[in-house]
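Coordinate-derived values only; no laboratory data. Bear in mind the structure is a predicted one, so any value in this text is a computation, not a measurement. Here the Cβ is made from the backbone with ideal geometry for all residues, glycine too, and neighbour counts use every protein chain on show.
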Amino acid sequence: MPKLAYPEAVSIYPFNENEVDMIMHNAMECTLMWSTKDGWPVGVIHSFIWKNDKIWLTFLANRHRAAAIRRDNRVSVTVSSRAYENDAQNLPVGAITFKGKGVLLDDDDTKRWFYKALSEKNSPDNPESMSEILDSPTRLILCVTPTKKIMYNKLLAEAHSKGEVAEEMLGKPLESDTIRMNKTQ
């Protein structure tokens, strides 16, 4: 088997849990993806909160994604370090896609903490104004519990390509980077 290396084998470049938290707390946007009734994948960009290792976001109940998620709660969420708003020095670089199960919520307790947290993150100078805009009787909160992470740590990949990373720092390669890649060569 050929030696796995950047850029062909990206599955061996994961983030550690601290880096995942750093990306998730500093990125301002994510892309939520779901399947339509006729099987088409669709994605929309959202502001989000990372809390208790879950992704929280919001939209109105009349959106097609609400019906789609009620029908099939399997969703994916992608977060990229390109979504950092502030100075990104010393923050991880790359992207994470989470496969997960979504639960739609509309209870007052969830809305209260979520609106406050999302407003403070996205509008720190005037969170009350954003909270007022969010507060709607038809608004839903989507809580995504991740079941799998697909990660690409760009800085780890670059360091590995220069020979600056010990093999034990690399992740376990996925089948796509071992069996399937060998079939295409």
Among the stretch 23-49, those whose backbone N falls under 18 Å of a label point 7 Å along Cα→Cβ from Glu85 are 23-32, 45-49
Env charge @ Arg71, Cβ radius under 12 Å, K,R +1 / D,E -1, value +2
Lys and Arg at +1, Asp and Glu at -1: neighbours of Met33 with Cβ under 11 Å from its Cβ sum to +3
Read-out Cα extents along the principal axes in Å, candidates (1) 41, 38, 33; (2) 78, 57, 37; (3) 57, 41, 21; calculated match is (3)
Between Glu128 and Asn52, the two model label points (7 Å from Cα along the beta-carbon direction) sit apart by a distance in nm of 2.9
The answer for the longest stretch of the chain without any exposed GluC sites (Glu not before Pro) (DSSP loop, at most 16 further Cβ atoms within 10 Å) is 86-163
Of the listed pairs Lys54/Lys111; Lys99/Lys154; Lys54/Lys172, those with alpha carbons more than 18 Å apart are Lys99/Lys154; Lys54/Lys172
In this structure, the FRET efficiency calculated for Met28 and Glu167 from their beta-carbon separation, with R0 = 41 Å, to the nearest 0.05, is 0.75
Label model pair Arg70, Leu105: point-to-point distance (7 angstrom along the Cα→beta-carbon line) in nm is 1.9
Scan of the chain for trypsin sites (Lys or Arg not before Pro) in DSSP loops with at most 14 other beta-carbon atoms within 10 Å gives a longest site-free stretch of 64-161
